[in-house]
Amino acid sequence: MIIFRYLARQVLVNMMAIISILLLIIVSARMVKYFRYIAEGTLAPEFLLLFIGYRIPGFLELIIPLAFFLSLLLAYGRMYLDSEMAVLSSCGMSRQHLLRYTLGVSMVAFTMVATMTLGLTAWGEREVQNIKDKQRSMHVLDFISERSFSSIARVGMVVFAGEMSGDKSEMFDVFASRSAPDNPNIRDVIVAKNGHQVTSDNGERLLVLENGQRVMLVPGKLEADVVNFKELHVRLPQSVVVRQKDVEGMDIDELWRGEKGEEKAYLHWRLALPFMLPILALLAVPLSEINPREGQVKRFVPAIMIILSYVGLMIWARNNIEKDKLPVIVMWSVHFIFIGLAIFLNRKVWKDKKIIAGSSKTAVNGKGGLA
């Protein structure tokens, strides 16, 4: 148990470090995308962190297998380079022991991925959908920031407000620009003292601008129509929330009852993904075995190619099952292909009980050096 705890600590510490790095990279990339949505006026700033948080389980279901595989290569590779594996071998630990210990550690990562795929990912997607529904019914002034230009995608208008009321129900010193509703070639520039949103008797939502001037002009021409107004009503699109049944937000029991290719694809994707972990453990043990004089690069490159091929084939199978081009058995066949590869790479396990080939030579010779 002491050796198992030591191996588990080495692997899991490395795994958590790699997860943190990969998650930071992915979240940073998503942040750039969401900042663009905020600039376009399609995402309210207060929902940014919630969007990121609810999407993290979906990121982790693929990050964890990759991080676990890399952590095995790094942890065991270091132990080979530092001759720790040779010491363990001289103490009687065989390849079979190492393989069993590694499979035991893989159950931790298996549980983590299963928790994501069987529950948390779908829950997170449903919460994201709830945020989208809530945002559709939001007050249009919630998308406007004081003393900055804000793009309101639902109106097709860029708005600048010199000042906003505390509850964001009214804006003052307003500048707005949009394409004219009846002619997109005409630019509609509006300056108003104040503005607010109202709902008419028939339920129509309106942006009301008061005490201002409207200038209609054609870009590139000097002529312009100028109209002074006391009130200008800008019709806002109706926020009819039509709840789309997102397959990524469905629970396992819902997917199980589904008959569409998309539902079958995501059902088997969620069930199959956790089983990557013990297979990756079987692959990583022989791939991490290196000669201390060679370094880690010799085995690291083919190992990366294997994990990328594995994940790529799983995604390819899911996409084609989703389009009804392939049966669901293809996704599970990918597992069997890599199980076969793992058996081939571990063929020495059943023949040689030592951890590394030739480890018996790693002993002190008669001259006081390593043989």
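Using the structure shown, list the pairs from Lys132/Lys323; Lys134/Lys264; Lys264/Lys323; Lys264/Lys325; Lys168/Lys193; Lys193/Lys221 with a Cα-Cα distance above 18 Å, or answer none.
Values: Lys132/Lys323 26 Å; Lys134/Lys264 29 Å; Lys264/Lys323 10 Å; Lys264/Lys325 12 Å; Lys168/Lys193 15 Å; Lys193/Lys221 27 Å.
Exceeds cut-off: Lys132/Lys323; Lys134/Lys264; Lys193/Lys221.
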| message | Give me the three principal axis extents of the chain from the C-alpha atoms, as integers in angstrom, largest value leading. | response | 102, 51, 39
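Would you be so kind as to identify all helices of the chain, as entire DSSP H runs, whose Cα atoms reach 20 Å or more along the helix's own axis and whose mean Kyte-Doolittle hydropathy is at least 0.5? Spell out each step's value before the answer.
On the way: long enough: 2-40 (56 Å, 1.34); 48-81 (45 Å, 1.61); 95-115 (30 Å, 0.66); 121-136 (23 Å, -1.83); 297-322 (38 Å, 0.94); 329-345 (24 Å, 2.40).
Both cut-offs are met by 2-40, 48-81, 95-115, 297-322, 329-345.
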| What full-extension length gain, to one decimal in nm, is calculated for Leu217 and Asn202 as 0.36 nm per residue of separation minus the Cα-Cα distance? | 2.2 nm
| task | Could you calculate the contour length gain from Glu210 to Ala224, that is, 0.36 nm times the residue separation minus the distance between their Cα atoms, to one decimal place in nm? | result | 3.0 nm
| said: Taking amide H atoms as placed 1.01 Å from N in the peptide plane, list the residues 5 or more away in sequence, or in a different chain, whose amide H sits under 5 Å from that of Ile186. | reply: Ala180
| Can you give the extra length, in nm with one decimal, that the chain gains between Lys134 and Ile21 once fully stretched, where that is 0.36 nm per residue apart less the Cα-Cα distance? | 37.5 nm
| said: How far apart, in nanometres, would the label points at Ser333 and Ser145 be if each is projected 7 angstrom from Cα along the Cα-to-Cβ direction? | reply: 5.2
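Read-outs throughout are calculated quantities, based only on the coordinates presented, and are distinct from any laboratory measurement. Remember, predicted model here, so these are calculated numbers, not experimental data. Cβ: placed from backbone, ideal geometry, glycine included. Neighbour counts: every protein chain shown.
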